[in-house]
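Colleague: Here you go, one structure.
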Amino acid sequence: AQSVTQLGSHVSVSEGALVLLRCNYSSSVPPYLFWYVQYPNQGLQLLLKYTTGATLVKGINGFEAEFKKSETSFHLTKPSAHMSDAAEYFCAVSDSGGYQKVTFGTGTKLQVIP
Amino acid sequence: DTAVSQTPKYLVTQMGNDKSIKCEQNLGHDTMYWYKQDSKKFLKIMFSYNNKELIINETVPNRFSPKSPDKAHLNLHINSLELGDSAVYFCASSLLEGGKDTQYFGPGTRLTVL
């Protein structure tokens, strides 16, 4: 069974400050890991994903995440927050074989303070 | 535009009614999904079809019946609607290419049962 834990349901940062959203996963097989963003009243948009290879993954809008197997983590970061980054962020895990079922975390709401 | 589309975007109905939500993707994907997002933003998979064949069927009341007339469409029919069915329902699609399974989401259908 696979699972995802997102630490902190709400995170507030000042505009221009570092964004750090935490995600830890549990998977019995090598995982595929994803970060999705959901803006108010919209669907989910893929920010970035890790499958194999380089452990530092760059995504859209200046976000990046690092896969750390030893820590079972896939934290999302952005050096400088922008007002437009305010949204709900979901970490997700999928196993790497067969018909994958993607399991989502409970989400972290990012607030950016001007 | 290439995308995953859902209709309707909003659906308000009375308890006991039967309703359908439609989903279409023109991304050439072979797998489609239905997710339910509750009031706490928790996303849970309900069903998945690969090439019109049901491959994931989570513990969902049998009042919910997915139908896939072709691999570009996955509709969700709900019988005898209950208050607890109120949620946002997201359709998604993916291409199981190399097992990477990146899912692309529709804009969601907000169902309100009165």
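Colleague: About its Cα centre, how strong a charge dipole does the protein assembly as shown have in debye, to the nearest 20, once Lys and Arg get +1 and Asp and Glu get -1 at the Cβ?
Modeller: Result for the protein assembly as shown is approximately 200 debye, rounded to the nearest 20.
Colleague: What ranking do B:Asp30, B:Asp18 get, fewest neighbouring Cβ atoms within 10 angstrom at the top?
Modeller: B:Asp18, B:Asp30
Colleague: Enter the mean number of other protein chain beta carbons within 10 Å of the beta carbon of each residue in B:42-51, as an integer.
Modeller: What the average comes to for B:42-51 is 3.
Colleague: Determine the shielding of peptide B:102-114 by partner chains: average, over its residues, the number of Cβ atoms on other chains within 10 angstrom of each Cβ.
Modeller: Mean partner-chain Cβ count within 10 Å for B:102-114: 3.
Colleague: Quick one: if the Förster radius is 30 Å, what FRET efficiency do A:Ala1 and A:Ser80 give, using the C-beta to C-beta distance and rounding to 0.05?
Modeller: 0.20
Colleague: Next up: Once you treat every alpha carbon in segment A:34-114 as an equal point and sum by Debye, what is log10 I(q)/I(0) at q = 0.11, 0.26 Å⁻¹?
Modeller: Debye curve over Cα of segment A:34-114, log10 I(q)/I(0) at q = 0.11, 0.26 Å⁻¹: -0.30, -1.44.
Colleague: Continuing with this model, one more query. Calculate I(q)/I(0) for chain B by the Debye formula, one identical point scatterer on each C-alpha and no solvent, and give its log10 at q = 0.12 Å⁻¹ to two decimals.
Modeller: Rounded to two decimals, the profile gives -0.38.
Colleague: Computed FRET efficiency, Cβ-Cβ of B:Thr7 and B:Leu83, R0 22 Å: what is it to the nearest 0.05?
Modeller: Once rounded, the FRET efficiency stands at 0.45.
Colleague: Using alpha carbon coordinates only, what is the Rg to Rh ratio of the protein assembly as shown, with Rh defined as the Kirkwood radius?
Modeller: Rounded to two decimals, Rg over Rh is 0.97.
Colleague: Going down the list B:Lys22/B:Lys67; B:Lys36/B:Lys67; A:Lys69/B:Lys40, which pairs span over 18 Å between their C-alpha atoms?
Modeller: A:Lys69/B:Lys40
Colleague: Now, a different point. Cα-Cα over 32 Å: which of B:Lys19/B:Lys44; B:Lys44/B:Lys71; A:Lys78/B:Lys52; A:Lys58/B:Lys19?
Modeller: Over 32 Å Cα-Cα: A:Lys78/B:Lys52; A:Lys58/B:Lys19.
Coordinate-derived values only; no laboratory data. Quantities reported herein were computed from a predicted structural model and do not represent experimental measurements. Using ideal geometry, Cβ is built from the backbone for each residue, glycine included, and neighbour counts are taken over all protein chains shown.
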